[in-house]
Amino acid sequence: MDTMDDTAMQERYRALLLAARNLFSLTSLDDLVENILKYSCVMMQAEACSMYLPDRIRRELIIYSARGKDDAINAFRIPWDKGIAGTVYQQRKFLRIDDAQNDPRLLRTADQKTGFVTRGMLCAPLVDKDDCFGVLQALNPIDRPLFTQHDQDIFEGLTNIVTGALVRFDREQKITLEGKLAREMSLAMEIQKSYLPPEELILPRAEMRVRYRPARTIGGDFYSAFALPDDRLLAALGDVSGKGIPAALTTAQISTEMQALSPLAKVGLAEYVNVLNDALCQRLAAGRFAATTFLLYDPNREIMEIICAGQFAPWRWHNDSWEPVAVPAALALGIFPGHQFVATEVPCKPGEKWLLFSDGINEGRNPEGEDYGTERLRKSLQSGHASEVLNHAWSSWEHFVDREHQHDDACLALVLLKPPATQDMISSAQNCKKARNFIEEWSITAGFPDLVRGQIVLAADEAVTNIIRHTYASAPDKPIILSAEVTDGYLHLRLRDYGPHVDPEKLKGRQLEDIRPGGLGLHLLQSVFTTVEHLPLPDGNEWHLAKPLA
């Protein structure tokens, strides 16, 4: 080998080392392609080099080519199964061609566009495991008739470096894209959450609690709860068509319309839903709709109005069991303007619990592909206070489903109907029934089972009777105020009178061994309630009775 050959060979190896060092630091595809082609021309001592990168959507190969190290990069496209490059890309096999002009696979489009005549070539796939990132070609060796075995060895080293650079660039692009999408989704989630109400709405006569988990960062399920005049509650749970950002934007539209139109619910649920449907038919994009179940609770009439617009009927805890409420099915919202929805009125009582759920609950699947189903949902709904019932049901669902592959948004909402917080009465034996009803409604609201409810009513009735008989000495028309609340895991009852102060010694009661009528009321109270306190007030007495929730 002469001196010129040694110098040329050293230049080629130097270019290979520079390529290995520099290609892994480039951050744009244009820079990467430009440097690959220019290093390739030097390394391969070739008249031109080309790189073909796949466009998998259009099923094409994008051709980037350069003549010599100082030529501009030209780019155009060919079908990814045509020509020699298409053959190498599809078969993922190296080709050396010494007489390209007589090879039937040669696609002459590139030569015609550039005026370049291809005589010989080395063509190699850029493969990493099962993925092909493209094809690299060296065209027409300089100062030698054919590419040699030594050229092939250098070309193999070059393709390994180029493949590594493309793999690194592809991974960094995916990481960058995933980060961008994560930021966009996080922002979309914040926007969507800003349109949804808090997951707990506590009103004087009703409460609504929600558990919600989208299948993706953002979802298409939504819920609403609005306080209306006269202690009424308007509640809804729905599921819009589609997923992702379009579905999230639709939920934002619906939530805005529902809130803006909520004053119309004072007329009735049907009137409200009819106007809402017409508004959504005008505003929602074509093909968008919302399957929604609505509840309108009026505690003064003890009536629940219900409309199931393409969504599941509600369930309610009634007579110590959970059962679906029979409600006619109706069209989802946003499909037909002018459609007349009809509300079903169901009598209801304080202490009842009502459940709404989306299809992501019953259709949630475990890793074996089994659906959660309505029977598992029913079994998860225990008796107890509303918050504990909801927490247990949600926990049961979460432990069942495959959280890594959740296929649909899931939403579960529980509405609790509450009695009035206070009950005023006048001291008389006939009014004790009013006190018993008040105490029973609150023991149901607190979620105590039937036997315990009976004990609470019996013990509290004894306290009311003692106020009438002893504090007021059976004097008629004396005021008694009962109040109740569930807080901090306890049912709290308070009995307020305006009689003379009670002698603390008399509050101790008799010993159980002293068998004779009367005097055992305090023992009964202490056996039922964990807290039995007498609080003397400037103008009377207050009894505080507390019992932990089941």
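The values are calculated or read from the model by the stated rules, or taken from the named source; none is laboratory data. Just so we're clear, the structure is a prediction, and the values are computed from it rather than from any experiment. Positions of Cβ are backbone-derived with ideal geometry, glycine not excepted, and every protein chain shown enters the neighbour counts.
List of remarks:
- Within the range 291-334, the set of residues being β-branched (Val, Ile, Thr) and assigned to a loop (DSSP other than H, G, I, E, B) comprises Val325, Val327.
- One residue from Ala270, Ala225 being over 23 Å from the mean Cα position of the chain (by Cα) and either touching a residue at least 24 places away in the same chain (Cβ under 8 Å) or not in a strand (DSSP E or B) (or both): Ala270
- Selection status of Thr3, out of contact with any Lys or Arg (no Cβ under 9 Å at 6 or more places or on another chain), more than 22 Å from Ile154 (Cβ to Cβ) and at pLDDT below 80: no
- Where a residue in the range 53-64 is assigned by TED's automatic domain parsing to the domain that holds Arg92 and among the basic types (Lys, Arg) and its partner, wherever it lies, is assigned to a loop (DSSP other than H, G, I, E, B) and buried (at least 18 other Cβ atoms within 10 Å of the Cβ), with Cβ under 6 Å and at least six apart: Arg59/Trp80
- Considering the range 76-178, the qualifying strands (runs of 3 or more DSSP E), each wholly inside and each with 3 or more residues that are more than 27 Å from Asp30 (Cβ to Cβ) and touching a helix residue (DSSP H, G or I) at 6+ places or on another chain (Cβ under 8 Å), run over 95-97.
- Any chance Leu482 is in the same structural domain as Leu522 (by TED's automatic domain parsing), closer than 20 Å to Thr530 by Cα and surrounded by fewer than 17 Cβ atoms within 10 Å (Cβ to Cβ): no
- Any chance Pro536 is of a type outside the set (D, E, K, R), at pLDDT 90 or above, not in a helix (DSSP H, G or I) and not assigned by TED's automatic domain parsing to the domain that holds Ile202: yes
- Qualifying positions in the range 307-342 - surrounded by 21 or more Cβ atoms within 10 Å (Cβ to Cβ) and among the β-branched types (Val, Ile, Thr): Ile307
- Checking each residue in the range 394-427 for being surrounded by 15 or more Cβ atoms within 10 Å (Cβ to Cβ) and without any contact (Cβ under 8 Å) to a residue 24 or more places away in the chain picks out only Ser396.
- Given (1) under 30 Å from Lys478 (Cα atoms); (2) touching a Phe, Trp or Tyr at 6+ places or on another chain (Cβ under 7 Å), index of the condition Ile444 fails: (2)
- Listed by position, the helices (runs of 4 or more DSSP H) contained in the range 373-474 that have at least 3 residues being under 24 Å from His534 (Cβ atoms) and modelled with pLDDT of 90 or more are 432-445, 450-466.
- The selection criterion, being more than 19 Å from Leu122 (Cα to Cα), at pLDDT below 85 and in contact with a strand residue (DSSP E or B) (Cβ under 9 Å, 6 or more places away or on another chain), does not hold for Ala66.
- Test: residue in the range 168-186 that is modelled with pLDDT of 75 or more and surrounded by 15 or more Cβ atoms within 10 Å (Cβ to Cβ): yes
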